[in-house]
Amino acid sequence: MAAAALRGARGLARGWGPGARWGQRCHVAAGGQDGEGQKAQRAAEASEEPGQRPPTIFSKIVDRTARADILYEDDKCLAFRDVAPQAPVHFLVIPKRPIPRLSRTAAGDTELLGHLLVVASQMAKVEGLEDGYRVVINDGKQGAQSVYHLHLHVLGGRQMGWPPG
């Protein structure tokens, strides 16, 4: 991937303050589930409904009916900033072809999955994450997947904690 093809700009995502921690924007709700858990539950229920699934927000970003701060695009994928960043640098890498979940991939997806990781790595360099970063893929309800279109979160610009969730 040529550096000229990368359309990223180094910088900090909006809304992240000093001393913030992973998951800070999640709130405990009735029943003990956090906001992300509730979103994942609703998304899982919608993805299991019979019939035609409505397009996800990511499909709308791919077809340009929804806006996004796009950092990179090629014939296989898009990278764009997360609208609710959980770190000073937080972007997503998605395949253009909708794959609902990582657990629903097949052997024929091997090249695409590798490509997504290479793009994540190259964009992390463009974003100035020389000291490291985290790549996260949420899968299914218990994995807190809130959009059923495979996506890689790339988070960096601060020290990550362990365990992550």
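The values are calculated or read from the model by the stated rules, or taken from the named source; none is laboratory data. Since the model is a prediction, treat every value here as computed from it, not as a measurement. Cβ: placed from backbone, ideal geometry, glycine included. Neighbour counts: every protein chain shown. When the accessible area is computed, the model is the full protein with side chains, heavy atoms only, and any ligands, DNA or RNA have been set aside. Shrake-Rupley method; radii C 1.70, N 1.55, O 1.52, S 1.80 Å.
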Within the stretch 49-79, residues assigned to a strand (DSSP E or B) and closer than 14 Å to His149 by Cα come out as Cys77, Leu78, Ala79
Any residue that is over 20 Å from Arg158 (Cα atoms) and in contact with a strand residue (DSSP E or B) (Cβ under 6 Å, 6 or more places away or on another chain) - is there at least one of those in the stretch 98-111? no
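Residues are listed down the side, and each one gets a yes or a no for (1) out of contact with any Leu (no Cβ under 6 Å at 6 or more places or on another chain); (2) on the phi < 0 side of the Ramachandran plot; (3) of a type outside the set (Gly, Ala, Ser):
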residue: Asp82; (1), (2), (3): no, yes, yes
residue: Pro98; (1), (2), (3): yes, yes, yes
residue: Thr105; (1), (2), (3): yes, yes, yes
residue: Asp109; (1), (2), (3): yes, yes, yes
residue: Glu127; (1), (2), (3): yes, yes, yes
residue: Asn138; (1), (2), (3): yes, yes, yes
residue: Gly143; (1), (2), (3): yes, yes, no
residue: Leu152; (1), (2), (3): no, yes, yes
In the set Ala124, Ala106, Ala84, Ala120, the lone residue that is under 28 Å from Gly35 (Cα atoms), of a type in the set (Gly, Ala, Ser) and open to solvent by 10 Å² or more (accessible area, probe 1.4 Å) is Ala84
In the stretch 32-65, residues that are at pLDDT 70 or above, open to solvent by less than 60 Å² (accessible area, probe 1.4 Å) and within 26 Å of Gly114 (Cα to Cα) total 5
Checking Arg134, Arg97, Arg158 in turn, the sole residue that is in contact with a Pro (Cβ under 8 Å, 6 or more places away or on another chain), open to solvent by 30 Å² or more (accessible area, probe 1.4 Å) and part of a loop (DSSP other than H, G, I, E, B) turns out to be Arg158
- Is there a residue in the stretch 90-105 that is in contact (Cβ under 8 Å) with a residue 40 or more places away in the chain and of a type in the set (Ser, Thr, Tyr)? yes
Across the stretch 112-131, the tally of residues that are closer than 24 Å to Ser59 by Cβ and in a loop (DSSP other than H, G, I, E, B) stands at 0
